[in-house]
Amino acid sequence: MLSISMTHKVAIVGAGPSGFYAADGLLRANPDLRIDIIDRLPTPYGLVRAGVAPDHQGTKAVARQFDRLLANPNLRFCGNIDVGRDISWQALREAYDAVVVATGMVVDRKLGIPGEELPHVWGSWRFVAWLNGHPDFRQGPDLSAVRCVAVIGNGNVAIDVARVLAKSADEMAKSDIVPEAGATIAAAPIEEIRVIGRRGPEHASFTNNELAEMGRLARAVALVDPHALDGVMAPAADPTPEKLRKTRNLELLRGFSQNKQGDKPIALRFVFNTAPTSFDTADFDLVVTCIGYQAAEPLPSGEGVFAVGWARRGPSGTIPTNRADSHAVAQQLVAWLKDREPKSGADPLPPAIDAAGWHRIDKVELAAGAAQGRPRVKLTGWQALLDVAQG
Ligand SMILES: Cc1cc2nc3c(=O)[nH]c(=O)nc-3n(C[C@H](O)[C@H](O)[C@H](O)COP(=O)(O)OP(=O)(O)OC[C@H]3O[C@@H](n4cnc5c(N)ncnc54)[C@H](O)[C@@H]3O)c2cc1C
């Protein structure tokens, strides 16, 4: 019988959390596998780098675990290869014994209402990708005359967007926000940020810590109309952890409802049971919609193709959610490979940015950060990233 130790080769497309957890699961199940983890960017870690808020460095620290995996000689980082553009999915399926689709799901979902295409209306992905230095999103919004902002949505991404807009330059000083974005936000004349949910406060999906942080901001005071909370309780039918989370959220919101604006310059207002029906420039100078994501294009499927992470489950779940999910799929994949003969043939990939190239970028960014007392200052242009990666 054939044994898997005859070096099967697996391509993982997408070097975000789900791709790395899949690599981890595969190498735990069979340390002899040869794995290529491919990403269209010259940098790994997906939304850990480009989505997670720049002032939440504790969350971004998960990247260190992934970095340690890159030291495994059987795991090869192949950056700057866009599957579909630089090599076809079919070519990958022919060259590798199995293909893992870990491409995530970040195209901004639309509300489908008039005015959504106006220049002051931004999807949350475009907005956070800008302030996190994604090289495809270097142009940010013009905030020079922005006084009133609407953040549409009641999840943690809405909280992230509102918080980063509300925080002072001092509060962002230890973040890795792109410096130009940080300066643009700090200079904006923002007076009001409204976080708008279409349902009641008992349905908001904020997590407790993220909501609590909104009550501790230096230049913004969190406010809620007390009437919006009258008689509201966590739905009895919810499972216990959900009920506890919602009950704590309601306590926090009740606390905010006691606040007075005082002398802080920004009012950070939570508004519930309100669904926008159109956008114009009369009410808000900037709108950021945080209502979820969709896939860019249909993903491949079929024999030997395994999806993980957001590409498999859709755009929900935190970084740790991807771990259990990817490990389970890795087990299935290893079982599937068990009695199959390993494929042979030449390396199908075009020239890539390897782990050494990424580490050159990392070193330059960390050094630039150290010079400013920040965790890192990112390179944001494609050419700069490629020049540094290529030494
Ligand atoms: C704004 C935002 C903030 C978040 N904040 C938190 C947080 O604070 N804490 C938390 O736990 N979770 C957070 N999450 C959720 C977390 O980021 C996701 O659970 C996780 O990133 C999903 O991992 P993934 O690997 O499936 O996708 P991604 O992280 O999106 O990774 C997909 C990777 O695939 C690459 N790729 C895509 N298409 C191709 C292609 N054709 N060829 C090659 N490569 C390709 C992309 O470049 C990317 O690197 C946040 C999400 C968002 C959007």
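The values are calculated or read from the model by the stated rules, or taken from the named source; none is laboratory data. Please read all numbers here as calculations on a predicted model, not as lab measurements. Please note: Cβ atoms are built from the backbone with ideal geometry, for glycine as well, and neighbour counts cover all protein chains shown.
What to note about this one:
- The residues in the range 25-63 that are near the ligand (Cβ under 9 Å from one of its atoms) and either of a type in the set (S, T, N, Q) or under 27 Å from Leu333 (Cα atoms) (or both) can be counted, and the count is 12.
- Against the test of being part of a helix (DSSP H, G or I) and within 30 Å of Gly381 (Cα to Cα), the options Arg163, Arg138 yield a single qualifying residue, Arg163.
- Out of Ala181, Ala187, Ala150, one residue alone is of a type outside the set (Asp, Glu) and out of contact with any Pro (no Cβ under 9 Å at 6 or more places or on another chain). It is Ala187.
- Cβ-Cβ distances below 9 Å connect the following pairs, each with a first residue in the range 33-44 that is β-branched (Val, Ile, Thr), a second residue that is outside any loop (DSSP other than H, G, I, E, B) and within 6 Å of the ligand (Cβ to nearest atom), and a separation of six or more residues or different chains: Ile37/Val13; Ile37/Gly19; Ile38/Val13; Ile38/Gly19; Ile38/Val83.
- Within the range 351-375, being closer than 23 Å to Leu75 by Cα and either under 23 Å from the mean Cα position of the chain (by Cα) or surrounded by 11 or more Cβ atoms within 10 Å (Cβ to Cβ) (or both) holds for Ala352, Ile353, Asp354, Ala355, Ala356, Gly357, Trp358, His359, Arg360, Ile361, Asp362, Lys363.
Table: residues versus (1) assigned by TED's automatic domain parsing to the domain that holds Ile113; (2) surrounded by 15 or more Cβ atoms within 10 Å (Cβ to Cβ).
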residue	(1), (2)
Gly262	yes, no
Val287	yes, yes
Ser301	no, no
Gly317	no, yes
Val334	no, yes
Arg340	no, no
Ser344	no, no
Leu349	no, yes
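- Any hit, the range 358-376, residues being within 16 Å of the ligand (Cβ to nearest atom), of a type in the set (Val, Ile, Thr) and either assigned by TED's automatic domain parsing to the domain that holds Arg147 or within 23 Å of Ile87 (Cβ to Cβ) (or both): yes
- The single condition from (1) more than 29 Å from Ser175 (Cβ to Cβ); (2) β-branched (Val, Ile, Thr); (3) more than 8 Å from the ligand (Cβ to nearest atom) that Ile81 fails is (3).
- Qualifying residue in the range 269-276 (condition: under 19 Å from Arg198 (Cα atoms), free of Cβ contacts under 8 Å to residues at least 40 places away in the same chain and assigned by TED's automatic domain parsing to the domain that holds Gly197): no
So that you can scan it fast, the table gives a plain yes or no per residue for (1) crowded, with 22+ Cβ neighbours inside 10 Å; (2) without any contact (Cβ under 8 Å) to a residue 40 or more places away in the chain; (3) outside the structural domain of Leu217 (by TED's automatic domain parsing); (4) out of contact with any strand residue (DSSP E or B) (no Cβ under 9 Å at 6 or more places or on another chain):
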residue: Val151; (1), (2), (3), (4): yes, no, no, no
residue: Ile159; (1), (2), (3), (4): yes, no, no, no
residue: Glu171; (1), (2), (3), (4): no, no, no, yes
residue: Ile177; (1), (2), (3), (4): yes, no, no, yes
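- Pairing residues of the range 303-321 that are of a type in the set (S, T, N, Q) with residues that are surrounded by fewer than 15 Cβ atoms within 10 Å (Cβ to Cβ) and part of a helix (DSSP H, G or I), at Cβ distances under 9 Å and at least 6 apart in sequence or on separate chains, gives Thr318/Thr59.
Per-residue answers, yes or no, for (1) outside any loop (DSSP other than H, G, I, E, B); (2) near the ligand (Cβ under 9 Å from one of its atoms); (3) more than 24 Å from Thr321 (Cβ to Cβ):
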| residue | (1), (2), (3) |
| --- | --- |
| Phe77 | yes, no, no |
| Ala91 | yes, no, yes |
| Glu94 | yes, no, yes |
| Val100 | yes, no, no |
| Gly104 | no, yes, no |
| Gly112 | no, no, yes |
| Glu116 | no, no, yes |
| Trp125 | yes, yes, no |
| Trp130 | yes, no, yes |
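- Filtered residues of the range 336-345 (kept if part of a loop (DSSP other than H, G, I, E, B) and in contact (Cβ under 8 Å) with a residue 60 or more places away in the chain): Lys338, Asp339, Arg340, Glu341, Pro342, Lys343, Gly345
- The residues in the range 299-346 that are within 14 Å of the ligand (Cβ to nearest atom), under 13 Å from Val10 (Cβ atoms) and among the aromatic types (Phe, Trp, Tyr) can be counted, and the count is 1.
- When Ala212, Ala236 are checked against the criterion of being surrounded by fewer than 18 Cβ atoms within 10 Å (Cβ to Cβ) and at pLDDT below 95, Ala236 stands alone in meeting it.
- A single entry from Glu251, Glu202, Glu242 fulfils the requirement of being among the acidic types (Asp, Glu) and touching a residue at least 40 places away in the same chain (Cβ under 8 Å): Glu202.
- Taken as a whole, the range 20-32 holds at least one residue that is farther than 20 Å from Val308 by Cα, of a type in the set (D, E, K, R) and surrounded by fewer than 22 Cβ atoms within 10 Å (Cβ to Cβ).
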